[in-house]
Every structure is written in C-alpha cells, then in structure tokens.
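Quick notes on the structure that follows.
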Amino acid sequence: MTDKTVHPFPLFFDSDCAGVHGENLECVQPIPWPGIDNVNITYVKALAARLFAASYRSPDLLNLFAIRKVHLTKLLVHSKDLFIRENNIVDVVVPYDGCVRVFGDTHGDLHSLIEAISTAGLPTQTNIFVFAGDCVDRGCWGVEVVALILALKLHSPSHVFFLRGNHETTGCTRRYGFLDEVKRKYDMKTLDAFSKTFRELPVAAVLRSLPANQSCTPVAVHPAAGKVRRRPKRGKRKEGPLIDSAPVGQGWRATPVPGEKRVLVVHGGLFRSWKAQKRCVMTIGDLVDLAEVNRREDDPYECLLEDVIWSDPSAKNEVSCNLLRGAGILFGSGAVQSFFKRNGLHGMIRAHEGPDMRERRKDMNNVDNGYSVDMELAEGYVATVFTAANYPPDQPRGNRGAFATIYGKGTEKKQALPEFTSFEKRGAPRGPELFYMPDQSDQSATPRNSFSK
Ligand SMILES: [Mn+2]
C-alpha cells in the first residue's frame with residue numbers, strides 16, 4: 001500500500017479518484033448522488049474507491065468523507081424498489097456464452113468482497129452475480145459491503161441478485177454487530193432503512209443453463225412478484241394486504257425447459273413444507289411452496305422461511321432439527337435426492353457455514369479454501385461457498401475466501417460441478433483486530449478496533 005501508482009485492485013480503482021489508497025482520505029469528498037438514472041459503472045467504481053479508502057480510517061468518517069447518510073438512504077430505497085418486484089425465487093438464465101458467479105457470506109469483509117469481484121470481473125450480461133446472503137454482522141464494514149452490492153444492483157438490475165441470509169434480519173443485526181456499526185457510522189433511522197430493504201430481499205435463485213443460445217432472454221419480473229398472497233396460518237399473524245400471486249412462470253419458472261440444467265442457490269438449504277406446521281414434522285417442501293410464501297418478515301422464524309436461510313446439509317441420511325444453530329434443519333442426502341427429483345434440480349449452491357462452523361461439524365468437509373462439495377449424488381450436488389477470507393475477524397482461521405462459477409453451455413466448461421475460485425485477502429487494514437463482538441452480555445456490541453472516537 002506504499003506504492004501510490006499501482007493499486008492492488010486496478011479493476012475497481014482505475015479512476016483518478018483521490019484517496020484510493022486510504023492515505024489520502026483527507027482529499028476525498030463524499031460522493032454525490034448521481035440520480036437513479038445515472039448509476040453507471042463509473043459511479044460504482046468511485047463509490048468503491050471511497051469505501052475502500054474510508055476503511056483505513058475511523059468509522060466516524062464514513063459519513064463525512066465517503067457516503068452521506070442521505071445518499072446511502074437513496075441506495076437503500078431505490079434498491080428496495082427493485083427487490084420488491086422480484087419473486088421469492090429469482091429466475092436466472094445462465095448466459096450461453098458466459099457465466100453466473102455465486103458469492104457466499106462476506107460478513108462485513110469489504111476487502112474480501114473487493115478481492116472476489118476483482119477476480120470475477122464486473123457484472124455484465126455475460127457475467128451475472130448472485131450474492132447468497134450474510135453480508136453484514138461481525139466484520140467492521142457491513143455498511144460498505146451492502147452499499148457496494150446495492151450500487152451494483154442499481155447499475156445492473158438484471159445481472160446482479162442479492163439473496164437474503166439469516167443475518168439480514170432484525171434479530172441477528174441486533175446481536176452480532178450491525179446495529180452498533182450503523183449507529184456508530186450513521187444512526188438508528190439508517191438502520192431502519194437497511195431493515196426495510198433486507199425484508200424485501202428474495203430468498204432463492206434458480207440458475208438455468210439452457211441447451212441453446214437464449215442468453216439474451218431477459219429475466220422476467222412480474223409487477224406483483226414479492227407481494228404474493230400469504231398462506232393461511234394458525235395463530236396471531238400480522239396480515240399484510242393480500243395481493244394476487246405472480247403467475248408461475250413470471251419471475252420463476254416451475255417447469256424445466258427440456259435439456260436445461262437447474263441449480264438452486266439459497267443461503268441455508270432445504271426447508272420444511274407448509275404442511276409441516278408442527279415443528280416435529282420434517283416434511284421437506286418444494287420450490288412451489290417457497291415461491292408462494294410471503295417473505296416480507298423482519299425475522300423469519302417460521303418453518304419454511306426460517307429453514308431456507310438457516311439450514312445446513314448433514315452427513316447423516318435423515319432430516320432433523322438443527323440443534324447447533326437452534327434454527328432451521330439438518331438435511332441429508334436422501335432428502336436432497338428426493339427434492340432434486342421433484343423439483344427438476346441438478347445442484348444446490350449455498351453459503352452459511354464458515355471455517356468456525358465447520359470446525360464444530362467433524363463429519364463434514366472443511367471450508368479452508370472457501371468452499372466445500374458436501375454431497376455428490378446421481379441427482380446432483382450440494383456445495384457450500386464462503387467468501388470472507390481469514391474468518392471470523394475476532395478469531396481468524398486463516399481460510400481462503402471463494403466464489404463459485406456456473407458456466408453456460410456454449411462455453412465448453414464441464415458442468416458436473418461448479419468451478420470454485422479461492423483467494424487470499426489483500427488490501428485490508430493491518431493492525432489490531434477489526435470486528436464487532438456478538439452481544440453476549442448486557443452491554444451492547446462495540447467495535448474492537450484501533451479506532452478511538
Ligand atoms: Mn448464515
């Protein structure tokens with residue numbers, strides 16, 4: 001970081017924006033809001049440069065020198081308008097001559113995210129991005145990570161997708177640091193804007209590799225998608241307005257096209273059916289169930305929505321409660337085989353488990369390289385991808401971060417498994433630890449870092 005002429009991330013920092021190396025932050029002015037119609041790649045790069053520079057300084061300076069509160073709110077509100085229009089399951093056609101990149105948990109690790117995107121290339125119509133959730137909490141730069149992803153989404157709505165993880169919820173953000181981060185950098189009103197955007201995030205993507213060149217087929221988004229009818233449910237529930245479901249096939253295609261390969265992307269994994277109203281019933285649901293549920297909850301703590309963001313694969317061939325998490329289920333290969341057959345799937349890429357979690361699950365592969373192939377079955381595979389390198393920040397395990405790539409059928413890449421790209425973290429501030437502590441006492445979480453207020 002001493003050489004001011006060569007930046008470690010030239011893809012992002014080819015602009016002549018002052019302060020891209022962190023040392024020159026005093027030169028940086030907060031980026032002006034370009035207007036919703038002018039969120040172009042120049043703007044995204046200039047924003048990334050400021051966020052990167054600000055990561056070397058006190059969190060208090062983010063609002064002053066990188067991105068003003070009113071501007072951050074614009075990103076949140078405008079992207080929320082896009083997410084509202086997306087179905088629970090977004091339909092992603094893998095570009096025939098291109099690819100889809102799937103990114104796992106980043107947990108406020110801005111530098112792993114920048115490293116990953118620098119390797120993957122910027123999103124285009126032949127380089128589609130799917131973020132599989134858990135962008136906030138624990139790391140110190142959750143605001144920055146989300147701001148960058150939302151800027152990419154606004155720049156390229158049909159080529160960037162952001163799925164909800166279990167940390168994009170009110171409960172987790174209160175306990176695992178994001179609340180304290182946003183309070184420190186902005187205020188509670190801004191946190192509220194984050195929460196309102198998070199509750200609109202879709203929860204799954206189906207990546208479809210088509211046998212013929214249909215790469216330019218736009219992803220259909222129905223105006224009512226995301227505002228689907230709530231299933232009747234016992235007990236007291238806050239009822240939102242009832243809006244007719246988006247027709248199946250608009251926004252999500254239930255029936256596979258002959259010859260296509262379909263890969264499901266979710267944060268956690270398989271989920272129980274709505275029929276399993278009682279928690280002891282372990283009936284696995286189908287994509288149709290997931291497509292029809294009302295996902296707009298601050299804290300999804302009901303079978304189906306909770307499971308999809310909390311569940312983990314298991315080496316045991318059964319479905320059981322996920323006692324380690326206290327939420328979601330553990331699903332074995334039998335459930336996966338049946339689920340894949342019923343839903344015409346050939347694979348599942350999920351995130352959710354970093355090196356610390358896998359340390360506690362000795363019968364599963366480690367994720368030291370940022371990924372793990374958890375199941376290889378005749379019907380398809382289950383893989384885990386984790387993008388934050390050297391995680392968790394308070395007790396780093398030295399792991400590499402990674403993302404997964406699914407190539408289109410015109411690229412002559414083997415399709416049996418995704419391609420995984422691992423990387424070391426570079427360009428991160430050095431020195432004392434930089435992280436937020438889980439709130440395990442009456443005291444609220446505080447950043448344990450070298451910045452003093
Ligand atoms: Mn998670």
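The values are calculated or read from the model by the stated rules, or taken from the named source; none is laboratory data. Since this is a predicted model, take the numbers as computed values, not measurements. Here Cβ is always computed from backbone atoms with ideal geometry, including for glycine, and neighbour counts include all displayed protein chains.
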Those residues of region 123-140 which are farther than 22 Å from Ile309 by Cβ, at pLDDT below 95 and in contact with a helix residue (DSSP H, G or I) (Cβ under 8 Å, 6 or more places away or on another chain), in sequence order: Cys140
Residue within region 130-137 that is farther than 24 Å from Pro418 by Cα and within 14 Å of the ligand (Cβ to nearest atom) present: yes
Condition met for Ala116 (closer than 23 Å to Ile36 by Cα and in a helix (DSSP H, G or I)): no
Flag if Ala416 is out of contact with any Cys (no Cβ under 7 Å at 6 or more places or on another chain) and either within 16 Å of the ligand (Cβ to nearest atom) or over 18 Å from Val265 (Cβ atoms) (or both): no
Test set (1) over 17 Å from the mean Cα position of the chain (by Cα); (2) buried (at least 20 other Cβ atoms within 10 Å of the Cβ); (3) closer than 24 Å to Val266 by Cα; (4) not hydrophobic (A, V, I, L, M, F, W, C) - Arg50 fails condition number: (3)
Filter pass, Arg101 being in contact with a His (Cβ under 9 Å, 6 or more places away or on another chain), within 30 Å of Asn294 (Cα to Cα) and either charged (D, E, K, R) or surrounded by fewer than 24 Cβ atoms within 10 Å (Cβ to Cβ) (or both): no
Of all residues in region 284-298 being at pLDDT below 90 and of a type in the set (Val, Ile, Thr), the one that is nearest to the chain's Cα centre (by Cα): Val293
Qualifying residue in region 171-190 (condition: surrounded by fewer than 23 Cβ atoms within 10 Å (Cβ to Cβ), at negative phi and within 16 Å of the chain's Cα centre (by Cα)): yes
